[in-house]
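For reference, the structure is listed below as structure tokens.
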Amino acid sequence: KNLFVTITKSNLVLLYLLSIVIVIFGYYAYSRVQIFGTVLTVTVAEWLLFSVFYHIRGKLIYRNLHAAENLVPRYREFSLTLFIIDLTFLLISFFLVNYYKRSSFALNPDYEQLLMLVGAVWLIASVTTHKFDRSFYKNIWYSIAPYLKAVFIMTSLGAVLLFALRMFEFSRLQFFGTVAVLFLLETLVLGPFFLRRVNRRQSGDIEQVDDVKAIIRREELPDESEHFLHDHRKDFIAARSKLHDVFLKNDPKLFDMLDRHLQLNEHAEDQTRVLNTHTMYNVEVLDDHKQSLIINLHKVNDFRWLNRYFLQVHKKIYNGGYFVGKIHTNTTHKNYIFNKYPGLIARFVYNTDFVWRRIFPKIPMLQQFYFAVSRGKNRALSKAEVLGRLSFCGFKIVAVEEFNDSVFFIVKRQKMPSMDKNPSYGPTIKLNRIGLDGKIIRIYKLRTMHPYSEYLQDYIFEQHNLSETGKFANDFRLTEWGKLFRKLWLDELPQLKNYLRGEVNLVGVRALSKHYFSLYPEDLQKLRIQFKPGLVPPYYADMPKSFDEIVASERRYLLAKQNNPLLTDIRYFFKAMHNIFFKKARSG
């Protein structure tokens with residue numbers, strides 16, 4: 001059956017192409033019997049030839065042809081709305097071409113017959129390509145594929161019918177122009193609709209949430225780290241020697257980094273994998289929960305779906321196992337450009353590269369175009385974003401070092417991946433903060449940090465602790481434009497939405513993350529959740545110099561507010577405004 005269908009389709013394509021050439025170039029003298037008869041004869045001859053061949057050696061062919069028959073058919077749902085819209089586009093296209101040809105929308109009675117033919121061809125092409133199905137596709141190209149197929153079928157089938165019925169008195173421009181204008185309208189009007197529908201199934205970093213959930217669900221929770229130890233194995237061979245003498249022979253700095261931070265003599269050689277790949281398949285083929293150490297010498301910048309890659313690695317190693325990788329960061333890439341090109345040329349190249357590799361992937365309407373062209377190769381990544389993604393995917397950061405024009409990291413599998421659907425990625429972000437009665441609210445802000453930075457709070461606190469202002473010291477997560485936004489208070493403007501929704505007050509303590517909230521004394525934690533957070537915190541009224549002074553300042557404000565809420569807020573508001581506008585008070 002599959003063999004006969006394949007032969008028939010290939011010869012139909014031949015007939016389509018012949019008919020298109022004949023109609024477009026006006027070769028009307030050719031015999032229809034000659035053309036159609038030749039194609040039919042070739043088709044029947046191929047049927048007979050391959051039928052004989054099948055009976056002689058058919059079993060092998062049969063198996064190969066049916067190797068993929070276990071695929072589950074995709075559910076389809078017809079969309080009447082798309083049908084009506086496209087039918088309207090077809091009529092508009094036909095009359096627009098008629099106006100271009102005759103300077104009038106009035107239709108020649110003879111061309112009503114052509115309109116009926118065009119409608120029939122359009123309907124056949126639409127039904128066979130399922131272009132009106134309400135289906136979700138993984139990207140924009142799969143969404144428009146049925147429309148491209150429909151254009152080919154309309155052009156081909158229309159040419160066949162015009163040639164077969166000898167309807168050469170009609171304008172070729174009228175028919176083929178209608179098909180072209182129809183596709184143009186579909187692209188301009190329906191294209192953004194499909195792009196929005198594709199984006200709706202994706203999270204901030206265009207990593208499909210359903211796929212990430214599926215990977216997490218396949219994790220085996222009873223993940224025994226005891227298997228990681230070598231004491232119970234008689235055939236144990238340490239991986240250290242082979243790493244030093246073979247795999248990392250040409251990377252002595254990387255070996256030294258591993259030797260300082262990992263006990264390489266406790267990692268079994270048969271549980272250690274050294275890769276140099278940007279292909280997901282080479283990770284997926286590894287056995288689940290069987291590796292104690294995975295090292296990939298290829299930069300993570302070339303992985304299209306970065307979170308899926310990290311989640312796959314997470315699934316392959318033991319709980320307590322390690323993963324080592326390499327990043328070309330924005331900083332190392334900038335240094336590379338300015339070392340390669342002279343002054344003005346380097347600046348031009350860097351600015352162009354910045355717009356393409358760092359702005360396009362962050363804008364919702366441009367994301368699809370960027371990844372369709374680049375395929376995710378050599379994407380721009382900051383150190384903060386990669387480390388944040390690793391933490392998001394269930395790893396604890398052990399060490400980060402820069403050498404050989406790259407940043408290398410060692411992380412440890414320690415927890416289950418996050419199920420957060422909205423990690424920070426686009427220009428506007430929503431952050432989980434503790435609000436009234438301890439409930440989690442989503443605070444809107446303009447993003448001033450690198451993507452996924454919110455998952456690095458524990459790491460930053462362990463590395464640098466808090467500064468005098470009560471914020472994290474030496475916080476590399478902050479972007480250059482983020483510093484400017486914070487100085488001008490631009491990052492706080494989206495919080496007006498929280499204010500209008502009644503989630504925050506005009507004056508009140510800052511809305512804190514869970515980690516930052518946990519640093520406060522227990523009595524102040526209980527006092528804080530009795531009130532809504534505010535847009536203007538008491539920080540700007542008292543101007544404390546350390547974290548302890550911030551705690552004391554908030555305690556004074558909240559105790560005063562318990563006794564007299566309105567007057568306390570008015571007093572703190574005007575004092576804060578005075579400090580902000582006349583003393584240039586900022587959050588640091």
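The values are calculated or read from the model by the stated rules, or taken from the named source; none is laboratory data. Since the structure is predicted, the reported quantities are computational estimates derived from the model, not experimental observations. Note that we place each Cβ from the backbone using ideal geometry, even for glycine, and neighbour counts take in every protein chain shown. Areas reflect the complete protein model, heavy atoms only, side chains present, ligands, DNA and RNA absent. Shrake-Rupley method; radii C 1.70, N 1.55, O 1.52, S 1.80 Å.
Here are a few things to note about the model shown:
- For the stretch 258-278, a residue qualifies if it is part of a loop (DSSP other than H, G, I, E, B), closer than 30 Å to Arg375 by Cβ and open to solvent by 60 Å² or more (accessible area, probe 1.4 Å), and the qualifying residues are Asn276, His278.
- Once the stretch 445-462 is narrowed to residues that are open to solvent by 30 Å² or more (accessible area, probe 1.4 Å) and in contact with a strand residue (DSSP E or B) (Cβ under 7 Å, 6 or more places away or on another chain), the residue that is farthest from Arg486 (Cα to Cα) is Tyr459.
- Looking across Asp569, Asp548, one residue alone is surrounded by fewer than 14 Cβ atoms within 10 Å (Cβ to Cβ) and either in contact with a Leu (Cβ under 6 Å, 6 or more places away or on another chain) or part of a helix (DSSP H, G or I) (or both). It is Asp548.
- In the stretch 491-511, the residues that are open to solvent by 30 Å² or more (accessible area, probe 1.4 Å) reach residues that are among the small types (Gly, Ala, Ser) with C-beta atoms within less than 7 angstrom, at least six apart or across chains, in these pairs: Glu503/Gly435; Asn505/Gly534; Leu506/Gly534.
- Complete set of residues in the stretch 404-428 that are at pLDDT 90 or above and touching a Leu at 6+ places or on another chain (Cβ under 8 Å): Phe408, Phe409, Ile410, Val411
- Members of the stretch 365-396 that are open to solvent by 20 Å² or more (accessible area, probe 1.4 Å), touching a strand residue (DSSP E or B) at 6+ places or on another chain (Cβ under 6 Å) and either β-branched (Val, Ile, Thr) or part of a strand (DSSP E or B) (or both): Lys396
- Meets criteria (open to solvent by less than 70 Å² (accessible area, probe 1.4 Å), under 24 Å from Thr279 (Cβ atoms) and not β-branched (Val, Ile, Thr)) for Tyr318: yes
- Test: residue in the stretch 67-82 that is surrounded by 12 or more Cβ atoms within 10 Å (Cβ to Cβ) and at pLDDT 75 or above: yes
- Among the residues of the stretch 85-131, those identified as in a loop (DSSP other than H, G, I, E, B) and either under 35 Å from the mean Cα position of the chain (by Cα) or on the phi > 0 side of the Ramachandran plot (or both) are Ser103, His130, Lys131.
- Restricted to the stretch 321-373, and to residues there that are under 20 Å from Val386 (Cα atoms) and among the small types (Gly, Ala, Ser), the residue that is nearest to the chain's Cα centre (by Cα) is Gly325.
- Here Thr352 clears all of (1) surrounded by fewer than 20 Cβ atoms within 10 Å (Cβ to Cβ); (2) in contact with a helix residue (DSSP H, G or I) (Cβ under 8 Å, 6 or more places away or on another chain) except the condition numbered (2).
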